[in-house]
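Read through the structure below, which is laid out as structure tokens, and then see the notes.
The values are calculated or read from the model by the stated rules, or taken from the named source; none is laboratory data. Since the structure is predicted, the reported quantities are computational estimates derived from the model, not experimental observations. Don't worry about glycine lacking a Cβ; one is built from the backbone with ideal geometry, like all the others, and counts go over all protein chains shown.
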Amino acid sequence: MDSSQRRQKILEIIKERSVPIKGIDLAKKFHVSRQIIVQDIAILRAAGEKIIATPQGYVFPFSSKPFCLKKTIACYHKSDEIFDELRILVDMGAKVIDVMVDHPVYGEIKANLMISSRKELNDFVMEFKRLQAEPLSSLTEGIHLHTIEVPDESIYKEILLKLAQKGYLIEE
């Protein structure tokens, strides 16, 4: 199988799945290194494919809840409060699409999260701790934005209330 055929197969696999697939799993399947998969994904993206890299793996953009609201919320918290903030969101039924910060030099920096369950959140936090990673919000003293999907306006308002009670919400 040449590299072009491999990329087409990778694309088919990602499109067929309703859950993300890790680069290492694709590498094993095609008997190549993870770095080759990263390059293949980059080439597919450059060709216009909308593949999203998340902490859980590669996925095509989709919403498991077709009739949901997409909202952006402004938050602030300390590094050790990440789990609590994200727990509130997912436990209330939100899907956390991404995190964004406004860097003074680079402008907007965004990372895809795609966290919609407690399991995905636990996996994310475990990997975060394992790598001793710094949160993106450390670049902006804890200030960041999240794009979230929620089932309806009432749940969105409940989320805002809970985040405000914890002091995580930056209100207008």
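So the values come out like this:
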| quantity | calculated |
| --- | --- |
| Residue count for segment 104-122, restricted to those that are out of contact with any strand residue (DSSP E or B) (no Cβ under 8 Å at 6 or more places or on another chain) and among the hydrophobic types (A, V, I, L, M, F, W, C) | 1 |
| All positions within segment 124-137 that are touching a residue at least 24 places away in the same chain (Cβ under 8 Å) and either touching a strand residue (DSSP E or B) at 6+ places or on another chain (Cβ under 9 Å) or assigned to a loop (DSSP other than H, G, I, E, B) (or both) | F124, E134, P135, L136, S137 |
| Close pairs (8 angstrom Cβ cut-off, 6 or more residues apart or separate chains): farther than 16 Å from V90 by Cα in segment 153-172, surrounded by 14 or more Cβ atoms within 10 Å (Cβ to Cβ) anywhere | G167/Y76; G167/H77; I170/A74; I170/C75; I170/Y76; I170/I143 |
| Some residue of segment 75-93 being touching a Cys at 6+ places or on another chain (Cβ under 7 Å), at negative phi and surrounded by 18 or more Cβ atoms within 10 Å (Cβ to Cβ) | yes |
| Matching strands (runs of 3 or more DSSP E) fully within segment 21-80 where at least 3 residues are at pLDDT 90 or above and assigned by TED's automatic domain parsing to the domain that holds I115 | 69-76 |
